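Scroll down for the structure; my scribbles are underneath it.
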Amino acid sequence: MDNVSIVSVYRNPVWERSEAVSFLREHNCKISLNYFKQAPKEDELIGILNQADGLITSSFPYSKRVLSNVGRLKIISRTGVGFDAIDVDAATQNGICVTTTPGANSDSVADHAIGLILSLARHIPSGDKDIRSG
């Protein structure tokens, strides 16, 4: 049985019911959900990842020290774009494949941009400030 650790910025109930987690469970993978409000210490990450074959993560940093001390880890799947938080050279040296999800957030970014445009066009921030100040 393969062990997959999910390390995320905040508790997100979407993980528990996501297609990815369902798929992994159907294929007899043991899922470990690990939520942090801020970046965990390197020793915490090493402890979590020592038993993991795979990692699904957000934007936490994964240093050379961390990636050199997780013997079983084979893959890191970053839920977002960019490799800036992961020492890809160290991962490669330790036989760990690193993937991202390019384009995964493009709809959300577009939605947010439209929302901000409408907010400015309708003066929502200044109206909110006026209401809150009495």
Please find, within region 67-92, the residue that is surrounded by the most Cβ atoms within 10 Å (Cβ to Cβ) out of those that are touching a Leu at 6+ places or on another chain (Cβ under 8 Å) and over 25 Å from K30 (Cα atoms).
-> D87
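Here is a yes/no grid of residues against (1) in the same structural domain as V21 (by TED's automatic domain parsing); (2) touching a Gly at 6+ places or on another chain (Cβ under 7 Å); (3) aliphatic (A, V, I, L, M):
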site	(1), (2), (3)
S63	yes, no, no
L67	yes, no, yes
R72	yes, no, no
A90	yes, no, yes
G95	yes, no, no
D111	no, no, no
H123	no, no, no
S126	no, no, no
K129	no, no, no
In region 93-106, which residues are at pLDDT 90 or above, over 19 Å from V7 (Cα atoms) and loosely packed, with under 14 Cβ neighbours inside 10 Å?
-> Q93, G95
Is region 57-66 home to any residue that is under 20 Å from D2 (Cβ atoms), loosely packed, with under 15 Cβ neighbours inside 10 Å, within 16 Å of the chain's Cα centre (by Cα) and modelled with pLDDT of 90 or more?
-> no
State all residues of region 56-66 that are hydrophobic (A, V, I, L, M, F, W, C) and either in contact with a helix residue (DSSP H, G or I) (Cβ under 6 Å, 6 or more places away or on another chain) or more than 20 Å from C29 (Cα to Cα) (or both); if no residue qualifies, say none.
-> F60, V66
If F83 satisfies every condition in (1) over 18 Å from S5 (Cα atoms); (2) among the aromatic types (F, W, Y); (3) touching a Lys or Arg at 6+ places or on another chain (Cβ under 8 Å) but one, which is the exception?
-> (3)
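The values are calculated or read from the model by the stated rules, or taken from the named source; none is laboratory data. From a predicted model like this one, the values you see are computed outputs, not experimental measurements. A quick note on method: Cβ atoms are made from the backbone with ideal geometry, for glycine too, and the neighbour counts reach across all protein chains shown.
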